[in-house]
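*Asks:* One structure, as structure tokens, below. Some questions next.
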């Protein structure tokens, strides 16, 4: 399914309408530019932040406390004593969500903000969890690190690939600990796979497969719309993001169901894919940048029709991505919101194959027939911990204290984002994406140079 650019109609508006539209657009741009002006910009020296010792309490702030952000608040509160953390601030554009998060934390001294830079100005805050919608991930992450704070950012790490490189550069320049929210990377079975691959137990990598599947008859992400959200209760222009080109008037459907719409999210590629993709990349033992990505997306069931009043989604209901890596390894990943039957997680080598348990903490190593005299079958069971957001948060906090790289660190995150972004580009434009991770050069199947899509590249962006 290819997205096409629609040419502007011939003719034009009347002079009066043209002036009116121009003035309105200029005002909107001025508002956005005022908000985009970073507190921690290029002309400001990055703050180094506090050096945190092994026994020091880490003070945490939250930016974005919708459903996913609220889950983080709950998990952090649940594990507060174990992780030796305190909570100082909650930021969200909607007052109702700010208040709800503070009630969960249960501390009167937790301050509430509607502008995230005010959280970053707090010298007593050491680390921030960013759970905004996707278009804010890059800017918030960069500003958090430049303010001297560590960041845990929900997946996907960014909306588009060019932003991911900027986040990578900021991590390297500030030395802050960055974790992307693919909690499967803290699951011991994926760590065991990486260990076995690095040890040469399955030979050279050949082919992997994995999936993340759902079946939602009423349309995935058609969450309930809270009638308390009104146009005057939120800064809508700010919510839409600093770089989104397709601006729309206040729309509760887009606010609560933003994952359906391309200006804010890549759909299945942005929401479900990272949960399987990043662990699979980690399991290779030496994650590479994809050198070729091809994707096919379909939208044939039209599940949104079963939720009256909501527009049809921009993104596919089912998508398949095939990625090739410089070593010769290929990875097949599928995701669907209209069928639950997925692929077994498998990593094939030329000497043996790893079968990764779906609902069990288990990895089985099965030798290939020609190598059965050389290798014995192995069965690793009760591999703990299992996938859990709280475990992933704890890994991030421990790495802050130890100045170590977390399980879903920036190097893994940017490689995962490369597959996601190139997959989106392949699906929307109907091309094969050939990529060089060192030069960042992109070509199509014919060898023609291509620009990586970003804000404003396509009509729905």
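The values are calculated or read from the model by the stated rules, or taken from the named source; none is laboratory data. The model shown is predicted, which means the values in this text are computed figures rather than measured ones. Cβ: placed from backbone, ideal geometry, glycine included. Neighbour counts: every protein chain shown.
*Asks:* Does at least one position in segment 331-338 carry a residue that is out of contact with any strand residue (DSSP E or B) (no Cβ under 7 Å at 6 or more places or on another chain) and touching a residue at least 60 places away in the same chain (Cβ under 8 Å)? Full working, then the answer.
*Replies:* Of the residues in segment 331-338, the ones out of contact with any strand residue (DSSP E or B) (no Cβ under 7 Å at 6 or more places or on another chain) are none.
No - not one qualifying residue is present in segment 331-338.
*Asks:* Continuing with this model, one more query. From 39, 90, grab the single residue that is under 30 Å from residue 397 (Cβ atoms), at pLDDT 50 or above and not in a helix (DSSP H, G or I). Before you say what the answer is, go through the steps one by one.
*Replies:* Details: 39 fails: at pLDDT 50 or above.
Checking each option against the conditions leaves just 90.
*Asks:* Still on this structure: When both residues are 6+ apart or on different chains and their Cβ atoms are under 8 Å apart, which pairs have a first residue that lies in segment 286-310 and is on the phi > 0 side of the Ramachandran plot and without any contact (Cβ under 8 Å) to a residue 40 or more places away in the chain, and a second that is surrounded by fewer than 16 Cβ atoms within 10 Å (Cβ to Cβ) and in a loop (DSSP other than H, G, I, E, B)?
*Replies:* 302/312
*Asks:* Against the condition in a loop (DSSP other than H, G, I, E, B), modelled with pLDDT of 95 or more and buried (at least 17 other Cβ atoms within 10 Å of the Cβ), how does residue 225 come out, does it pass? Lay out the reasoning, then the answer.
*Replies:* Details: in a loop (DSSP other than H, G, I, E, B): yes; modelled with pLDDT of 95 or more: yes; buried (at least 17 other Cβ atoms within 10 Å of the Cβ): no.
When the stated conditions are applied, residue 225 does not pass them.
*Asks:* Take segment 169-208 and flag every residue that is surrounded by fewer than 18 Cβ atoms within 10 Å (Cβ to Cβ) and either touching a helix residue (DSSP H, G or I) at 6+ places or on another chain (Cβ under 6 Å) or assigned to a strand (DSSP E or B) (or both).
*Replies:* Those that are surrounded by fewer than 18 Cβ atoms within 10 Å (Cβ to Cβ) and either touching a helix residue (DSSP H, G or I) at 6+ places or on another chain (Cβ under 6 Å) or assigned to a strand (DSSP E or B) (or both): 206, 207.
*Asks:* Another one. Being assigned to a helix (DSSP H, G or I) and touching a helix residue (DSSP H, G or I) at 6+ places or on another chain (Cβ under 9 Å) is the filter here; which residues of segment 273-327 pass it?
*Replies:* Initial filter on segment 273-327 (assigned to a helix (DSSP H, G or I)): 273-283, 303-306.
Result: 273, 274, 275, 276, 277, 278, 279, 280, 281, 282, 283, 304.
*Asks:* Next question. Restricting to segment 172-200, give me the number of residues that are more than 27 Å from residue 68 (Cα to Cα) and touching a strand residue (DSSP E or B) at 6+ places or on another chain (Cβ under 6 Å).
*Replies:* Qualifying residue count for the region: 2.
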